[in-house]
1. Of all strands (runs of 3 or more DSSP E) completely enclosed by region 1-102, which ones contain at least 1 residues that are among the charged types (D, E, K, R) and at pLDDT 80 or above?
2. Got at least one residue in region 166-176 being among the small types (G, A, S), open to solvent by less than 80 Å² (accessible area, probe 1.4 Å) and either in a helix (DSSP H, G or I) or within 30 Å of L57 (Cβ to Cβ) (or both)?
Amino acid sequence: HPKSSDVAFGADFSIDFKEAEAALRDFAYPVIVLPSSMATSKAALHLLETANTSSPLSQRVIIQNDTPAEALRGFINAGSVFRVLPSFTDSKFELTIREALEEHSLLQQNSKLFQLVNEQNDRLKRLTTDLEERVEARKKTIEEAREKLLSTNDRVEALHRALVAIHRAGSVVEME
């Protein structure tokens, strides 16, 4: 920013693109304002690509100055450009920065929500697997109990028939 003292919100300022690139590697900025001109468009594009890898959620505002349309197309194709402004003195500059901060915050919240949903899905899958294993174990136990019950019923019926036969017998030989 040409007049960094005019900026009402906290910001870091870099003198050149190399210093800005080093700062991007050290800190994930929520909003990056990138001045570009015909002479600096290649360096600005390189910085934008660095920002894509170091802080993918950051919002990028391009200050157009005299940047050719083809270079602007390259910026937009290279990564998440939030807005393009004609200059730092644009009346919507501060509003744009605040909107970009809100967008970054929203993206962070969405990312955390997505992570939470994935964690809950993983937990649900584990619980479902555990429940299925328990159902299978219970089914196996019930099947074993059923087989024992049927075997016991067969024995009781055989014993009952033997007792009835003994009761009906008229002699010891018939009982045997």
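The values are calculated or read from the model by the stated rules, or taken from the named source; none is laboratory data. Here the structure is a predicted model, which is why all the values come from computation and not from measurement. As a convention, Cβ positions derive from the backbone with ideal geometry for all residues, glycine included, and neighbour counts pool all protein chains shown. These area figures cover heavy atoms from the full protein model, side chains too; ligands, DNA and RNA do not enter into them. Shrake-Rupley method; radii C 1.70, N 1.55, O 1.52, S 1.80 Å.
1. Strands (runs of 3 or more DSSP E) meeting the threshold: 59-63, 81-85.
2. no
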